[in-house]
Amino acid sequence: QPIRYLGQAESAKLDEDLMSPEIGYSLDQLMELAGLSCAQAVHEAYPPGGMGGKKVLVVCGPGNNGGDGLVAARHLTQFDYGVDVCYPKPGKKEIYTNLVKQLQHHGVHMTDTMPELSSYGVILDCIFGFSFQGDIRAPFDAIIQAINASTVPVVSVDIPSGWHVEQGNVSGHGIKPACLISLTAPKLCARHFKGRHFLGGRFVPKTIFEKYKLSLPPYPCSSQILDITGL
C-alpha cells in the first residue's frame, strides 16, 4: 500500500488532535520525541566517526520546527557530536527558553548569526515547518542562501525550509537537502524530494492512524526512525 502524504491543513489538524484533551499529548512530549528522531536520523546518515572531527550546525527558526531542532541538538551532544546552534529569532514561549537553558548547560555554543560553514560536517535545517507560507523573510532569506551556496550536506526536518508545503520548491530559493526527515507522516512536498528520506515522530496512536487513513510501514524494533527512501 502506497505511503499517504498529508497536506498543510491536514497536518495542522492532526497535530491539534494529538494535543486535544481527548488524546492528551503535550507539545513538550511531541517535540522531545520528534527531536530525538531527528538526532537519530543525523546519526544514521552522517555517523560522528565519519565527520572528520567537524561539528553539526543546527539552524533553528522561531516556531515548533526550531524547537524540534533545539531538542535534536541536545540529543546530538549525547551522541558524541560537537554541536553549534544558530538561532537568529528565538521563540519567546517558555518551552523554547527552557530548551535553550538546557543546551547552555550541555555546553552547546549558541549564536544569532550565521557562522562560516566550512567548519561543519552537516547542517540540520529546522527553520520552517508545515505552517510555512509566503515569501522567505529576513534574516532567513540570507541564511538559506548561504546554506545553498555551501557544499555542506543538509538534513531538513519535516519540510525543506522555503519549500511550499504541498508543491515543493516552487520558488527555487528553498533549501536543497541531501536528506529529509518527515515527522508523523510525509507532507505532500516530499513527493518532489529525491534524496535519503526518513520517517520520525514515533508517537501516533491507533485512533489517529484510522482517522487520517495513514498508510505507513512499521518502524523496525525499537528505532525512532524508519528509512522510507524510494517508497
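The values are calculated or read from the model by the stated rules, or taken from the named source; none is laboratory data. Computed from a predicted structure; not experimentally measured. Cβ sites come from the backbone with ideal geometry, for glycine too, and all protein chains shown count toward neighbours. Just the protein is used for accessible areas: all its heavy atoms, side chains included, with ligands, DNA and RNA removed. Shrake-Rupley method; radii C 1.70, N 1.55, O 1.52, S 1.80 Å.
A few remarks follow.
- Qualifying positions in region 82-127 - open to solvent by less than 20 Å² (accessible area, probe 1.4 Å), aliphatic (A, V, I, L, M) and in contact with a strand residue (DSSP E or B) (Cβ under 8 Å, 6 or more places away or on another chain): Val83, Val85, Leu103, Val108, Leu117, Val122, Ile123, Leu124, Ile127
- Residues being surrounded by fewer than 16 Cβ atoms within 10 Å (Cβ to Cβ) and touching a Cys at 6+ places or on another chain (Cβ under 6 Å) - total across region 128-171: 0
- Any hit, region 128-135, residues being under 30 Å from Asp17 (Cα atoms), hydroxyl-bearing (Ser, Thr, Tyr) and modelled with pLDDT of 95 or more: no
- Residue list for region 71-111, restricted to those being in contact with a Cys (Cβ under 6 Å, 6 or more places away or on another chain) and in contact (Cβ under 8 Å) with a residue 40 or more places away in the chain: Ala72
- The combined condition, being in contact with a Phe, Trp or Tyr (Cβ under 9 Å, 6 or more places away or on another chain), among the acidic types (Asp, Glu) and surrounded by fewer than 24 Cβ atoms within 10 Å (Cβ to Cβ), is fulfilled by Asp17.
- Under the condition of being over 21 Å from Met31 (Cβ atoms) and either more than 15 Å from the chain's Cα centre (by Cα) or open to solvent by 10 Å² or more (accessible area, probe 1.4 Å) (or both), the residues counted in region 172-196 number 11.
- Filtered residues of region 94-142 (kept if of a type in the set (A, V, I, L, M, F, W, C) and farther than 30 Å from Lys13 by Cβ): Leu103, Val108, Met110, Met114, Leu117, Val122, Ile123, Ala138, Ala142
- Some residue of region 49-62 being in contact with a Gly (Cβ under 7 Å, 6 or more places away or on another chain), without any contact (Cβ under 8 Å) to a residue 60 or more places away in the chain and farther than 21 Å from Leu226 by Cα: yes
- Among the residues examined, His164 qualifies as free of Cβ contacts under 8 Å to residues at least 60 places away in the same chain and within 18 Å of the chain's Cα centre (by Cα).
- Qualifying position, being of a type in the set (Val, Ile, Thr) and in contact with a Lys or Arg (Cβ under 7 Å, 6 or more places away or on another chain), among Val85, Val155, Val165: Val165
- Apart from one condition, Asp227 fits all of (1) more than 17 Å from the chain's Cα centre (by Cα); (2) open to solvent by 20 Å² or more (accessible area, probe 1.4 Å); the exception is (1).
- Tally of residues being open to solvent by less than 10 Å² (accessible area, probe 1.4 Å), in contact with a strand residue (DSSP E or B) (Cβ under 9 Å, 6 or more places away or on another chain) and under 15 Å from Gly200 (Cα atoms) across region 68-81: 2
- Region 4-28 residues that are within 20 Å of Gly67 (Cα to Cα) and touching a residue at least 24 places away in the same chain (Cβ under 8 Å), paired with ones that are in a loop (DSSP other than H, G, I, E, B) and acidic (Asp, Glu) (beta carbon under 9 Å, 6 or more apart): Gln8/Glu166; Ser11/Asp158
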